[in-house]
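What follows is a short report on a single structure.
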Amino acid sequence: MENTQQHKQMKLIEYGYYWNCATCGTENAYGLTEQEADDYIRDWEADNEDAVAEGETGEGACDWWYNVTAEENDAHIEDGECCWKCDTVAHRHTRTDKARWFDSMVDNLG
Ligand SMILES: [Zn+2]
């Protein structure tokens with residue numbers, strides 16, 4: 001039988017954050033590998049020539065999105081990321097206290 005499964009391990013991220021699986025407690029990584037970050041940065045700079053002309057960089061945009069905004073928005077839940085070890089999809093109850101606080105603050109603004 002052909003083995004089509006990739007060798008399982010936590011994603012090796014260059015940009016991003018870590019979250020713990022609520023089911024098995026394993027640490028997971030959300031974000032971009034070095035190669036993915038290179039692609040993201042190149043695409044961002046190609047799509048944002050005005051911002052680049054003003055001195056912004058793809059690295060800065062990538063860093064801001066994956067290291068700050070994505071964590072505050074629980075991007076791994078929004079994207080339905082699965083735990084690399086047990087394949088459980090990330091749910092709301094895996095949110096960190098900080099993210100809950102952020103969400104309640106946003107709710108109160110409405
Ligand atoms: Zn798990």
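What follows draws every value from the coordinates through simple rules; no lab data is involved. Quantities reported herein were computed from a predicted structural model and do not represent experimental measurements. Note that each Cβ is placed from the backbone with ideal geometry, even for glycine, and that neighbours are counted across all protein chains shown.
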Notebook entry, point to check: Quick one: if you stick a label point 7 Å off each Cα along the C-beta vector at Gln9 and Asp87, how many nm between them?
Noted result: 2.1 nm
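If packing is taken as the average number of other Cβ atoms within 10 Å across a peptide's residues, how do 62-71, 47-56 rank, most packed first? Before the final figure, lay out each step's value.
On the way: 62-71: 16.7, 47-56: 11.2.
Going from most to least packed, we get 62-71, 47-56.
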Item checked: Positive minus negative residues near Lys85 (Lys, Arg vs Asp, Glu; Cβ under 12 Å) -> 0
